[in-house]
Each structure stands twice: as structure tokens, then as C-alpha cells.
1. Hey, what did segment 1-123 get for relative contact order, percent, Cα under 8 Å, at least 6 apart?
2. Would you please name the trypsin sites (Lys or Arg not before Pro) within segment 31-71 that are DSSP coil residues with at most 16 other C-beta atoms within 10 Å of their C-beta?
3. Highest first, please rank the peptides 95-101, 10-16 by the mean number of other Cβ atoms sitting within 10 Å of their residues.
4. What does the charge count around residue 129 come to, taking other residues whose C-beta lies under 10 Å from its C-beta (Lys +1, Arg +1, Asp -1, Glu -1)?
5. If you keep only loop residues by DSSP, which chymotrypsin sites (Phe, Trp or Tyr not before Pro) in segment 100-143 have at most 10 other Cβ atoms within 10 Å of their Cβ?
6. Pick out, in residue order, every one of the GluC sites (Glu not before Pro) in segment 8-51 that is DSSP loop and has at most 13 other C-beta atoms within 10 Å; say none if there are none.
7. Compute the relative contact order of segment 58-158 as a whole-number percentage, counting only Cα pairs closer than 8 Å that sit 6 or more residues apart in sequence.
8. Using only alpha carbon positions, build the gyration tensor of segment 102-160, then give the equivalent ellipsoid semi-axes as the square roots of 5 times its eigenvalues, largest first, whole angstrom.
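Computed from the coordinates by the stated procedures, all read-outs in this text should not be read as laboratory data. Given the structure is predicted, the values throughout are model-derived calculations rather than measurements. Counting neighbours? That spans all protein chains shown, and the Cβs are built from the backbone with ideal geometry, glycine included.
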Amino acid sequence: MTEPYKLLFVCLGNICRSPSAENIMNHLIKEAGLEAQIYCDSAGTSGYHVGEKPDRRMTMAANARGIEMKGRSRQFDRYDLEEFDLVLAMDRSNYQGIVALDTAGKYEHKVKMMCSYCREHSDQEVPDPYYGGADGFDYVIRLLMDACEGLLEEVKGELG
Ligand code: 4NP
């Protein structure tokens with residue numbers, strides 16, 4: 001049995017955007033019957049919320065669109081760059097936080113902006129919903145659904 005293709009979603013706190021991306025992607029992977037071929041995880045560039053469950057407001061927005069939210073926050077570390085095949089940054093600041101740990105410049109080819117996979121939205125970044133209202137959380141879910149659908153098509157191509 002070959003190793004699954006490994007995706008890591010990264011934001012700042014790993015309690016809003018990246019756990020949503022992970023859980024939406026797992027939902028799509030399950031629908032496609034690709035659980036054995038694609039593995040997902042998420043992490044935060046900060047350690048502010050390590051060990052915490054996803055933000056309650058984010059979970060409500062995800063549940064309202066049929067997505068279950070699982071997982072606990074963990075901090076991104078340099079070994080993730082070796083371990084994962086593709087690392088998806090939610091915004092430019094997350095991107096900078098990730099490549100800052102790639103001190104030898106070996107892994108930049110694995111790091112992509114999540115919105116580069118969107119097919120219906122023109123956003124360049126997934127906006128941080130933390131200090132905003134409920135609409136912001138729902139927007140993050142819709143934007144990530146678009147990006148995850150595009151990403152799944154791309155990864156299917158990698159699987160051959
Ligand atoms: P996330 O959202 O990066 O999407 O998980 C945030 C969570 C917490 C904070 C900021 C953004 N914070 O400042 O604590």
C-alpha cells in the first residue's frame with residue numbers, strides 16, 4: 001500500500017480557518033471515496049490556542065453547511081515541511097510564517113496559497129474572521145468549499 005498524499009492547512013490560531021479547511025476537505029475526500037489516498041491535518045503559525053477545539057462560532061457556521069468540525073489546535077513546526085506533500089496557507093502572513101521556518105529554502109515549492117485553488121471566488125486570501133461577526137464565519141466556509149473543490153481536483157491529478 002502506498003503512502004497517502006498529505007495535505008496540511010495552516011492559519012494563525014488553528015481554531016478558525018485551517019480546521020475548517022481540514023474538515024471541509026475530509027468531507028469532500030469521503031464523498032469521493034479517497035480516504036485511503038489523501039490525508040489531511042491543520043496547524044497554526046502561533047501557539048496561542050494550542051490544545052483548544054475549533055472556535056464555537058466557526059463550528060456553528062460549518063455545521064450549518066453540513067460540515068462536522070473535529071480536531072485540536074497545534075502549532076506548525078519545521079518538520080511539517082518534510083512530512084507533508086502540500087502546505088496550504090490561508091493568508092500571506094501565514095505564508096511568511098511558514099517559509100520563515102524553511103531556513104535552507106528547500107521546501108518553498110510545497111507551500112501554496114489556499115485561494116489559488118478557488119474557481120468561483122477572486123479572493124487572494126482567506127480573511128481572518130476572529131474579530132468579526134457571524135457573516136464572516138459563513139463567508140470563510142463558502143470560500144473554503146470553493147478552494148477545497150479546486151484543490152481536490154488538483155490532488156486527484158497528482159494521484160494519477
Ligand atoms: P485562525 O483565526 O487563524 O483562522 O484560527 C484566529 C484565531 C485566533 C486569533 C486570531 C485569528 N487570535 O488572535 O487569538
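1. Numbers: 215 pairs, mean separation 35.2, N = 123.
The normalised contact order for segment 1-123 reaches 29 percent.
2. Details: sites: 56, 57, 65, 70; in loops: 65, 70.
Counting only loop positions with at most 16 other Cβ atoms within 10 Å, the trypsin sites (Lys or Arg not before Pro) in segment 31-71 are 65, 70.
3. Values: 95-101: 16.3, 10-16: 26.4.
Result, highest mean Cβ count within 10 Å first: 10-16, 95-101.
4. Values: positive: 17, 57; negative: 55, 128, 135, 138.
Neighbourhood net charge equals -2.
5. On the way: sites: 107, 117, 130, 131, 137, 139; in loops: 107, 130, 131.
When the chymotrypsin sites (Phe, Trp or Tyr not before Pro) of segment 100-143 are filtered for loop state and at most 10 Cβ neighbours within 10 Å, 131 remain.
6. 35
7. Values: 103 pairs, mean separation 26.0, N = 101.
Dividing the mean separation by the residue count of segment 58-158 yields 26 percent.
8. Numbers: eigenvalues 123, 61, 13 Å².
Value: 25, 18, 8 Å, ordered largest first.
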